[in-house]
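One structure is given here, and the rest of the page talks about it.
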Amino acid sequence: LEFDRLFVTGLADDVFPAAPAPHPMLPLVQQRAAGIPRADAAWEAAFARRSFASLCTSAPRVTFSWAARDGERERRASPLLAGLPQAPAPAPPP
């Protein structure tokens, strides 16, 4: 898809790339050998890289975002965002 501008949210390191989710009833070795989606971390990482590359070319201006906190837990940006210029975080409300 192509857009004039694109704002992508939710790209925290614990979400993108996603954690593997192999099928619980099939042997993991066979899932990996068959290249079944979600079977292992390598598949998830490759899928995330392809998705990220597609997002980067979907608009002339693309902004990526992630939540800095989830309750008491501090969150970090996805490693796929490393090397991109960062805008300063907004000031917390008074």
- Message: Can you compute the helix-only [θ] at 222 nm over the chain? Use -39500 (n - 2.57) per DSSP H run of at least 4 residues, normalise by all residues, nearest 500 deg cm²/dmol.
- Response: -7500 deg cm²/dmol
- Give the carbon-plus-sulfur fraction of the accessible surface of the chain in %, rounded to a whole number; probe 1.4 Å, heavy atoms of protein chains only. 61
- Rounded to whole angstrom, the alpha-carbon centroid of the range 64-94 lies from that of the range 1-47 at a distance of 22
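Find the relative contact order for the chain and round it to a whole percent, using C-alpha pairs within less than 8 Å whose residues are 6+ positions apart.
Working: 100 pairs, mean separation 37.8, N = 94.
Result for the chain is 40 percent.
Before I look further, what does the range 55-94 give for accessible area per residue, probe 1.4 Å, in whole square angstrom?
On the way: 3290 Å² over 40 residues.
Roughly 82 Å² per residue, with all protein chains present.
Give me the one-decimal Kirkwood hydrodynamic radius in Å for the range 26-94, with the sum taken over alpha-carbon pairs. Provide the component values of the computation, followed by the final result.
Working: mean 1/r = 0.0659 Å⁻¹.
When all Cα pairs of the range 26-94 are included, the Kirkwood radius is 15.2 Å.
Return an integer: the convex hull volume of the alpha-carbon atoms of the range 10-49, in Å³ per residue. Write down the numbers at each step before the final one.
Details: hull volume 2.4 nm³, N = 40.
Taking the convex hull of the Cα positions in the range 10-49, it is 61 Å³ per residue.
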- Note on the structure: Taking Cα atoms, the helix 41-56 axis meets the longest principal axis of the chain at an angle in degrees (rounded to 10) of 40
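The values are calculated or read from the model by the stated rules, or taken from the named source; none is laboratory data. Keep in mind it's a predicted model, so treat the numbers as computed, not measured. Just so you know, the surface numbers come from the protein's heavy atoms only, side chains and all, with ligands and any DNA or RNA stripped out. Shrake-Rupley method; radii C 1.70, N 1.55, O 1.52, S 1.80 Å.
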